[in-house]
Amino acid sequence: MGKINSRSKGARYERELARYLSENGFPDSRRGQQFSGGSDSPDVVSDFPFHIEAKHVQALNLYSAMTQSIRDAGDKPPCVIHRKNNSESMFTCRLDDLVALLNKQQWKEEQNDKTQLRH
């Protein structure tokens, strides 16, 4: 596959991913604007709690993709959402980031439960 076709394939996957997130709890998701943003523009702009590096390739160098996401992540924890042809999408992140997010979410839920009990 040539450079233009692979770029087009990547853009299609970014739109597909944005649509998926929009339909599954993150309604403001859209494809990032790499052409007008900086090199650190996310592939998908969303209120999803991770900076998304999207990859639709047959042979992914996951550590290279993750390094790119870490470099570009800014304030959000980095992740790579990836898939091969005829396969489902996969999500990769650092374990520390996932555990921190889950603990933060659990703490928020516990605080909400306590608030509801007081009222």
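Going by amide H atoms built from the backbone, whose H comes under 5 Å of the H on residue 53, apart from near neighbours?
79, 80, 81
To the nearest 20 debye, what charge dipole does the stretch 55-102 have about its Cα centre, counting +1 at the Cβ of each Lys and Arg and -1 at the Cβ of each Asp and Glu? All intermediate terms of the calculation are to be shown ahead of the outcome.
Details: 6 positive and 5 negative charges, 41 e Å.
So the dipole magnitude of the stretch 55-102 works out to roughly 200 debye.
Could you list which residues have their amide H under 5 Å from that of residue 48, counting only those 5 or more apart in sequence or on another chain, with H placed in the peptide plane?
For residue 48, whose amide H was placed from the backbone, there are no distant partners under 5 Å.
Every read-out reported here was derived from the displayed coordinates using simple, explicitly stated rules and does not represent laboratory data. Note that the structure is a prediction, hence the values are computed from the model and not measured. Ideal geometry is used to build each Cβ from the backbone, glycine not excepted, and the neighbour counts take in all protein chains shown.
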